[in-house]
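Down below is the structure, laid out as structure tokens.
Where a number appears in this text, it was derived from the coordinates with a stated rule and is not lab data. Since the model is a prediction, treat every value here as computed from it, not as a measurement. Using ideal geometry, Cβ is built from the backbone for each residue, glycine included, and neighbour counts are taken over all protein chains shown.
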Amino acid sequence: MSIRPILGSLALATLVAMSAAGCAGDEQPPAQLIDGTPARRPSAAALEDIANDQIATTIKVVDTRRVAPATRAAQCLRRARDHAAVGPVVVRVGVNGESITFRDSSGRSLIACDRAAASGEGRVVWCGIAIGRLEDGRLQDPRLDLAGCRTAAADPVAFAWVEPGRATRYVMVRQPGFTEVYRVASGLPVRISTTSGIDREMSRASFQITEHDGDGRLLRAYTLDASVSG
Amino acid sequence: MRRARGFVVTFVVAAILGTVGTAAAYHTRFVADNCNYAASTPTSYITRDGSAAVALRARYEGYQWAGGCWNDNDRDDSPNDPREDPATGGEGGDCSGFTFKVWRESLDQSSAGFEQWGLLRYVHGPYTAAAFKAGTGAPNVTVSKTALIKMDALASDTHIGLIYAANPDGTDQIIEAKGEDYGTGVWTRTYRGSSSYSGVRRTGWSS
């Protein structure tokens, strides 16, 4: 993993440029999330330096012991049964991807199940699984997953974890034509997804990210470069 | 006395800063100096024994997280890289990159064809161990562990190794990129008996 910071006044210029590029093209902000629910703007705070094309991802946090049996979360826990889940299970739904994140009982691993539009139903809903190693509670690698997940148009969807800073409450990921907003929850890394910035030749993906505090103030802007590994 | 104490403090601080600087800036020149990005060569005839020969050339070479480039001089040219850092530029593949290259797979996941990659071609491929375990990609299928033969794989969500030979006691000689502390080689392993591991096969071998 590498993080390339976009510093100082460059942050604003870069973000404006990225937003302008999105607005000037043919890309239209999507009307719905991957689960068919309408795409909405985030309501909690005005996010500094971000264009008005924000889409809020949805988040649901469930205690491991209260995961309903017939849900996709339950299916993920079964799929990852080698890793006994403990604590909160965070379910995130975005435009191109859905993910579930939880810790295992050893405290040394973080587990994710990833899903995209072209994932199946029934037994094979999840198109990817990621296991991250925690050292002193920190994730060692963002665990890029770009092998199995596709959009309905068969474009690859890349997933990775972001480890937000302590003061960060929102993680924004720039996409072509819109910006996806993820709320930080339960002290867990945030599983993000994208269909842009994927380099299939090098098995890498770059995510354009900003982090914001609870009042929407910009804390940092950077590019997360992640590689398929392990 | 005060001057001596000042010298000691300065020395210790300098030593600590020197260590921190070294760790933060660790990298080798192996990839930059040796590896290439040449196109792969499609190849139609490939046997399991041929693939094993390719795998053995990686033996005693290094291990590199997210890597996929090695030579054939029977030593790790970038020993003791920091773990789980893809940017250290060292020699070797990781477990899934090694499998991808030895199985001669394509970067196009919809293609089950064989691609010949040079040893010094830096390539990892799109699959993690977990993706191999799930049989992701056109060339890869899951197989019962009792049906596994030479150059099939045993994969968990975090590791994958290739069967070089089965031992009479139910264990296997596994050829694998094992870790930074071990490099790449052949070891006797008990993956077949572990519930965390599943069988995976690369399809399309000539024999």
> Got a sec? Which residues in segment A:40-65 would a label at A:Thr71 touch, if it sits 7 Å along Cα→Cβ and we count backbone N under 16 Å?
Replying inline: A:58-65
> Which whole-angstrom value gives the distance between the alpha carbon centres of segment A:144-170 and segment B:152-173?
Replying inline: 31 Å
>> Quick check: residue separation of B:Val141 and B:Leu120 times 0.36 nm, minus the Cα distance between them. What number comes out in nm?
In response: 4.8 nm
> For labels at A:Ala167 and B:Ala53 in the simple 7 Å Cα→Cβ model, what's the distance in nm?
Replying inline: 6.2 nm
> Which of rounded, prolate, oblate describes segment A:2-227, given a ≥ b ≥ c as roots of the alpha-carbon gyration tensor eigenvalues and a/c under 1.5 marking rounded, otherwise prolate only if a/b is larger than b/c?
Replying inline: prolate
> Which whole-number percent is the relative contact order of chain B (Cα, under 8 Å, 6+ apart)?
Replying inline: 22 percent
> For labels at A:Lys60 and B:His27 in the simple 7 Å Cα→Cβ model, what's the distance in nm?
Replying inline: 4.4 nm
>> Quick check of the Kirkwood formula: for the protein assembly as shown, what is the inverse mean of 1/r over all pairs of different Cα atoms, in Å?
In response: 23.0 Å
> How well do other chains shield peptide A:78-91, expressed as the mean number of their Cβ atoms within 10 Å of each residue Cβ?
Replying inline: 1
> Can you list residues whose amide H is under 5 Å from A:Cys149's amide H, if they're 5+ apart or on another chain and H is modeled 1.01 Å from N?
Replying inline: A:Val157
> If packing is taken as the mean number of other Cβ atoms within 10 Å per residue, what is the order of B:90-99, A:74-83, highest first?
Replying inline: B:90-99, A:74-83
> Per the helix-only calculation at 222 nm, which mean residue ellipticity applies to chain A, given -39500 (n - 2.57) for every DSSP H run of n ≥ 4 and division by its residues, nearest 500 deg cm²/dmol?
Replying inline: -3500 deg cm²/dmol
>> Mean Kyte-Doolittle hydropathy of -0.5 or higher plus an axial Cα length of 15 Å or more: which whole DSSP H helices in chain B meet both?
In response: B:2-24
> Per-residue ellipticity at 222 nm for chain B, helices alone: DSSP H runs ≥ 4 residues times -39500 (n - 2.57), over residue total, nearest 500 deg cm²/dmol?
Replying inline: -7000 deg cm²/dmol
> Could you give the nm distance between label points at B:Thr43 and A:Ala185, where each point is 7 Å from its Cα heading toward the beta carbon?
Replying inline: 5.0 nm
>> Which three numbers, in whole Å and largest first, are the semi-axes of the equivalent ellipsoid of chain B derived from its Cα gyration tensor as √(5λ)?
In response: 38, 20, 14
